[in-house]
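*Asks:* Before I ask anything, here is the structure I am working with.
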Amino acid sequence: MKRVVAVLLFAAAAALAQQHPVVPLWSGPAPGAQGTAPEDIPALTIYKASAPNAARSAVIVFPGGGYVHLAFDYEGTDVAEWLNQHGVSAFVLRYRLGPKYHYPVELWDAQRAIRYVRAHAQDFDIAPNHIGIWGFSAGGHLASTAGTHFDAGDPSANDPVERQNSRPDFMILAYPVITMEDPYVHLGSLHALLGEKPNPELVRSLSNETQVNPNTPPCFLFHTSDDKVVPVQNSIQFYSALINAGVSAEIHIYLHGRHGVGLAPKDPVLKTWPEHVADWLKVEGFL
């Protein structure tokens with residue numbers, strides 16, 4: 001009997017792996033890798049939509065966790081499945097974390113993920129100019145960093161992935177860490193990403209409300225007014241910077257709600273926020 005159960009469990013795991021394959025971002029060791037354990041190998045878990053939407057959009061999901069762990073279930077898997085239900089292919093990013101890894105390693109992983117999905121757009125049946133990112137909490141900081149620190153790629157690179165530009169086409173930020181400066185900084189994320197005594201110039205550069213310009217991608221923001229972990233001013237400042245730069249942006253601030261609610265499926269009020277995401281994606285032409 002035990003052997004039968006073991007075989008069934010193995011078969012279920014194999015089927016799940018086949019359904020949602022995990023691919024490393026680099027074929028060899030990732031730049032700056034300090035080992036060969038899973039936490040040293042940034043990777044994407046692929047959730048390909050069975051019936052792609054007409055816009056052929058895709059989203060790379062950055063789970064939160066203060067840059068020290070990843071909330072891979074409710075800020076990763078659940079989000080990918082929600083996107084699939086709307087015909088959007090999803091890619092959940094396992095990026096490297098502090099205190100073992102510091103900036104710019106996390107940004108390298110985020111940029112590589114965008115380049116990878118764009119380079120394989122035809123394989124995934126998605127449009128290369130409809131690739132967005134969705135970040136939660138510290139994952140929201142990483143997403144907003146990718147959305148304000150991008151490049152055109154290296155056209156002379158031997159690696160075809162590196163030839164791709166790393167600019168996301170849109171951003172969705174949920175209760176994001178945005179600033180690295182007082183008084184609204186989330187100190188845990190700051191120290192995990194930049195160390196205990198970070199360079200002030202680097203702190204300023206990674207306070208992403210200061211990095212917005214007219215080429216920053218369109219953005220949707222969700223936060224709650226009484227978030228006790230990441231102050232709502234993070235989203236407000238970023239939204240204001242987007243509007244001042246002439247970037248299309250939408251923000252939804254709910255009165256009450258704890259930090260880290262994910263899609264909030266059991267909250268009678270907060271569970272409506274993903275519906276606003278879907279509406280925004282339609283308005284922007286990505287759904």
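All of the numbers you see were taken from the coordinates with simple rules; none came from a lab. From a predicted model like this one, the values you see are computed outputs, not experimental measurements. Every residue, glycine as well, gets a Cβ built from its backbone with ideal geometry; the counts of neighbours run over all protein chains shown.
*Asks:* So which of Lys197/Lys271; Lys48/Lys282; Lys48/Lys271; Lys100/Lys282; Lys48/Lys228 end up more than 28 Å apart by C-alpha?
*Replies:* Those over the limit are Lys197/Lys271; Lys100/Lys282; Lys48/Lys228.
*Asks:* Let me ask another. If you restrict to DSSP beta bridges whose two residues both lie in segment 44-284, what percentage is antiparallel, to the nearest 5? Could the numbers behind the result be given before it?
*Replies:* Numbers: 4 of 28 bridges.
DSSP beta bridges in segment 44-284 are roughly 15 percent antiparallel.
*Asks:* Hey, how many Å between the Cα centroid of segment 226-287 and the Cα centroid of segment 157-192?
*Replies:* Each part reduced to its Cα centre gives a spacing of 17 Å.
*Asks:* Hydropathy first: keep DSSP H helices in the chain averaging at least -1.0 on Kyte-Doolittle, then drop any whose Cα extent along the axis falls short of 30 Å, and list what survives.
*Replies:* On the way: long enough: none.
Helices meeting the span and hydropathy rule in the chain: none at all.
*Asks:* Helix-derived [θ] at 222 nm for the chain: sum -39500 (n - 2.57) over DSSP H runs of at least 4, divide by residue count, nearest 500? Walk me through the intermediate numbers first.
*Replies:* On the way: 9 runs with 92 residues, N = 287.
That comes out to -9500 deg cm²/dmol.
*Asks:* Taking loop as defined by DSSP and a crowding limit of 14 other beta carbons within 10 Å, which trypsin sites (Lys or Arg not before Pro) in segment 154-255 fit?
*Replies:* The qualifying sites are Lys228.
*Asks:* With a ≥ b ≥ c taken as the square roots of the eigenvalues of the C-alpha gyration tensor of segment 196-276, please select rounded if a/c is under 1.5 and otherwise prolate if a/b is larger than b/c or oblate if it is not? Intermediate values should be presented prior to the final figure.
*Replies:* Details: a/c = 2.77, a/b = 1.44, b/c = 1.93.
In terms of gyration-tensor shape, oblate.
*Asks:* Would you order Asp109, Asp227 from fewest to most other beta-carbon atoms within 10 Å of each residue's own beta-carbon? Walk me through the intermediate numbers first.
*Replies:* Details: Asp109 26, Asp227 22.
With the fewest neighbours first, Asp109, Asp227 line up as Asp227, Asp109.
*Asks:* Only Cα pairs within less than 10 Å get springs; with that Gaussian network setup on the chain, which residue of Ile131, Ile243, Ile178 has the largest fluctuation?
*Replies:* Per the Cα network of the chain with a 10 Å cutoff, Ile243 tops the list.
*Asks:* Farthest toward the dipole's positive end in segment 44-284, which of Leu242, Phe124, Pro63, given Cβ charges of +1 (Lys, Arg) and -1 (Asp, Glu) about the Cα centre?
*Replies:* Phe124
*Asks:* Now for a different question. Could you grab the relative contact order for the chain? Cα pairs under 8 Å, six or more apart, rounded to a whole percent.
*Replies:* Values: 576 pairs, mean separation 44.8, N = 287.
In percent, rounded to a whole number, it is 16.
*Asks:* Run the simple label-point estimate for Ala33 and Asn215 please: 7 Å along Cα→C-beta, distance reported in nm.
*Replies:* 3.1 nm
*Asks:* Beyond 33 Å, how much of the Cα-Cα pair distribution for the chain remains, as a whole percent? Show your work: numbers first, answer last.
*Replies:* Working: 7499 of 41041 pairs.
For the chain, the share of Cα pairs beyond 33 Å comes to 18 percent.
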